[in-house]
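The values are calculated or read from the model by the stated rules, or taken from the named source; none is laboratory data. Quick caveat: nothing in here was measured; it's all calculated off a predicted structure. When we count neighbours, we look across all protein chains shown, and the Cβ atoms used for this are built from the backbone with ideal geometry, even at glycine.
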Amino acid sequence: MAARIKPLVAGNWKMNGLTAARKEVVALAMKLDGKKKPACEILLCPPATLIAAAREVARGSKIAIGGQDCHAKASGAHTGDISAEMLKDAGATYVIVGHSERRADHNETDAIVKAKAEAAHRAGLTAIVCVGETEAERDAGKTLTIIKSQLKGSLPDAATAKMTVVAYEPVWAIGTGRTPTADDVAKVHGAIRKALETRFGSEGAKMRILYGGSVKPSNAVELMAVPNVNGALVGGASLRAGDFWGIISTYC
Ligand code: 13P
């Protein structure tokens, strides 16, 4: 009963990119321009400092712009933080929440991630909620237990397929050049789909599940062909338009 789901290919620039990186957005927009009707959605999540500029140069193109994190509150005394409303105001339509680097560097718990996803929805942003096991958890055979518990704790009860995307990013595959086998990805994505359907019914059947972790032009075809993989969340290979296009064009 696999629903037809339009894939999403998202680039997460992390803490990379100065003003000059706008040229990568321009280059990507030009490549996409050649495609009349891309078969997938394209999203770039630059650092917050570049969101407005990226939105400006991507205007009229098929590239959506997103943030990499948001605060749970709409405004207030939270020095250095950025709200979902502010991201929206700067031109974002998506925001990543619960990335493993945020969970590790900023001690973000499932409850915090859920509050951020709710904030995204409140502001009208689609939340990309990240889950993923560490290498130690994987070696201990706990991958599915960890993923299910992260999903349970991090996804808002009111999540819909339009406003929520799940990204499976095994922590040990991020930035390492290592990836799970297609079989392993199929097992985890299958379990995620089942959990989403059980909790959200038909919305769960339509919700996009992205794979992330060392996605490159060279492995994108194999990873993207796995059942229940509805797109990719790409780090390093999204920084240059040429590399990112190599991934996008396997899909779109
Ligand atoms: P890499 O593609 O650099 O492994 O990063 C993946 C990631 O963390 C995307 O959010």
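Can you confirm whether residue 10 is free of Cβ contacts under 8 Å to residues at least 24 places away in the same chain, under 23 Å from residue 175 (Cβ atoms) and either touching a Leu at 6+ places or on another chain (Cβ under 6 Å) or surrounded by fewer than 18 Cβ atoms within 10 Å (Cβ to Cβ) (or both)? Steps first, answer last, please.
On the way: free of Cβ contacts under 8 Å to residues at least 24 places away in the same chain: no; under 23 Å from residue 175 (Cβ atoms): yes; either touching a Leu at 6+ places or on another chain (Cβ under 6 Å) or surrounded by fewer than 18 Cβ atoms within 10 Å (Cβ to Cβ) (or both): yes.
Criteria not met by residue 10.
For the range 152-191, enumerate the residues that are closer than 17 Å to residue 103 by Cβ, touching a strand residue (DSSP E or B) at 6+ places or on another chain (Cβ under 6 Å), of a type in the set (A, V, I, L, M, F, W, C) and part of a helix (DSSP H, G or I). Passing the criteria: none in range.
Can you tell which of 39, 72 is touching a residue at least 60 places away in the same chain (Cβ under 8 Å), surrounded by fewer than 23 Cβ atoms within 10 Å (Cβ to Cβ) and of a type in the set (A, V, I, L, M)? Please lay out each step first, then the result.
On the way: 72 fails: touching a residue at least 60 places away in the same chain (Cβ under 8 Å).
Just one listed residue meets the conditions, 39.
Within the range 192-240, the set of residues being of a type in the set (A, V, I, L, M, F, W, C), within 11 Å of the ligand (Cβ to nearest atom) and not in a helix (DSSP H, G or I) comprises 210, 215, 232, 233, 234, 239.
Candidates are the residues of the range 32-49 that are more than 16 Å from residue 65 (Cα to Cα) and assigned to a loop (DSSP other than H, G, I, E, B); the one that is modelled with the lowest pLDDT is 36.
Determine which member of the set 171, 188 is within 14 Å of residue 147 (Cα to Cα), touching an Asp or Glu at 6+ places or on another chain (Cβ under 9 Å) and within 13 Å of the ligand (Cβ to nearest atom). Let's see the steps before the verdict.
On the way: 188 fails: within 13 Å of the ligand (Cβ to nearest atom).
Result: 171 is the single residue among 171, 188 that is within 14 Å of residue 147 (Cα to Cα), touching an Asp or Glu at 6+ places or on another chain (Cβ under 9 Å) and within 13 Å of the ligand (Cβ to nearest atom).
Of the listed requirements (1) buried (at least 17 other Cβ atoms within 10 Å of the Cβ); (2) over 13 Å from the mean Cα position of the chain (by Cα), residue 139 misses just one: (1).
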